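Read the structure below first, then the notes.
The values are calculated or read from the model by the stated rules, or taken from the named source; none is laboratory data. Since the model is a prediction, treat every value here as computed from it, not as a measurement. Heads up, the Cβs are rebuilt from the backbone with ideal geometry, glycines too, and the neighbour counts pull from every protein chain shown. Ligands, DNA and RNA are stripped out before the accessible areas are found, and what is left, the full protein with its side chains, is counted by its heavy atoms. Shrake-Rupley method; radii C 1.70, N 1.55, O 1.52, S 1.80 Å.
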Amino acid sequence: MQVYYFYRHAQENHIFVTTEENTTHHLLFLWVDSLREDVIGHSDQWQEKIKQLTNISINEFHILDILNLEHPCAFDAMENYDSLIFRKLITPEDHINLETEKSLEQHNSEFGLVTTPVNFIIAPHALITVSERGNKSVEMYLERLEGTLKKPTKEQNRMRKLPNTPLNLTMRLLNNIIDDYLGLRVPLTRRVEYWQTELLQRSHSFKKWQPLLQENMAFQQVENLCEEQIEVLQELRDEVVEDYHHLTDQKKTESLDLILVRLNDLVSHIERIQKHTSRLRSSIQSAIDLHFSAISNQTNENMRILAIITAVFAPLTLLTGIYGMNFEFIPGLKSPQGFWMMLIAMLICTVLLIVYFYRRHLVGRGKKSVIDMLSQSHHQKNINIFSFVDMQPIKKGMEKITNRKN
């Protein structure tokens, strides 16, 4: 457990942070950063320490929410504090133990996307956070704060403004958490490109349907997380607008506008992730549709070839069937040239059928023949009763009749 005190200097009116109490300056708020392992098995002792430091009695149901690794994003407003649960994406930069020995719960992990909850207890003069050890988003801000502590109090608030309210500090921590989701766009796009290559550019048949389904479910999970986060931030925004008890200074309206701008900015970032994920899901679905369309076209092509072969051999089968009848008198049955004449007739039928299919663009069909076929069908579709007027002989005859009348 780490405690940071944010003070406003009594004479110079600047904000500075320290790890020790100071009674000579005005205390803005204090930040109590706790690890989840400090709460597991020691919830009563931890709650007593929080009571001594912040004078806040945390509800027992919120203690259970802190101990629950699978708790979704949620927001709850109490009389003296607000409870916020925000799920963070576990990235390779985090060093979080996914299997805790002191808890029966497991981190929420589905199809390779692992998240962990970060709990915020927001009060008018205190902020309490509970997160896992190795949470890079929180540790990065703590490292930045430790660097600020090494500076003199006059210079702490010059380069980077320190937060002046618990809600302001909450917005900064949430911004670090949401940045991890923004980093999802590049790897998710690469995954979509991989599946598009597998579905459309491979010569062999596609058989990885189970991994593709899991990948699609991962995209769905990202969208669900984004929806939960947007709902939570909107609930927090409504609470700030309706009951703004998080700031106590004179510039209440100005600070409220700043907080609302930051909240809207966080929501817009999450919406960008949600829209990007939705577009990627649509790209995968389009690739699947194109895959099945290609299979359907290949099947139609195979059926077309089989139909042509059947049509070519149908007259031959008819001729062999006729001359295979068991009649006593059949023309040419006893003629020495009958066999060769029949072969020549069958060959002529085959050649005529192939020429007919070729002129109808059914054999050797390429890009040009497809265009010709489409144009031919379009021309046939536009033929009407007055189309004979376009014929040149009749057209000239109509012009002569018109000239004689004149």
As a test question: what accessible area, to the nearest 10 Å², does Tyr358 have when a 1.4 Å probe is rolled over all protein chains in place? 140 Å²
Ordering of 125-136, 17-28, 270-281 by burial proxy (mean other Cβ atoms within 10 Å per residue, highest first): 125-136, 270-281, 17-28
Per-peptide average of other Cβ atoms within 10 Å, ordering 318-330, 163-175 highest first: 163-175, 318-330
Could I have the simple spin-label model distance between Asp76 and Arg360, label points 7 Å from Cα toward Cβ, reported in nm to one decimal? 7.5 nm
In Å and whole numbers, how far do the C-alpha atoms of region 151-243 stretch along each principal axis, longest first? 68, 36, 15
Of all accessible heavy-atom area on region 133-222, the percent that carbon and sulfur account for (1.4 Å): 50 percent
Would you kindly find the accessible area of Trp46, with a 1.4 Å probe and non-protein molecules such as ligands, DNA and RNA excluded, rounding to the nearest 10 Å²? 10 Å²
Computed over the Cα atoms of region 1-59, the Rg and Dmax in Å are 13.7, 45
With every protein chain in place, the accessible area of Ser283 for a 1.4 Å probe, in Å² rounded to the nearest 10, comes to 40 Å²
When ligands, DNA and RNA are left out and all protein chains stay put, how many square angstrom of accessible area per residue does region 213-358 have with a 1.4 Å probe? 66 Å²
So if each residue of separation counts as 0.36 nm, and I subtract the Cα-Cα distance between Leu53 and Glu143, what length gain in nm does that give? 30.1 nm
Could you order Asp243, Asp82 by accessible surface area, starting with the largest, using a probe radius of 1.4 Å? Asp243, Asp82
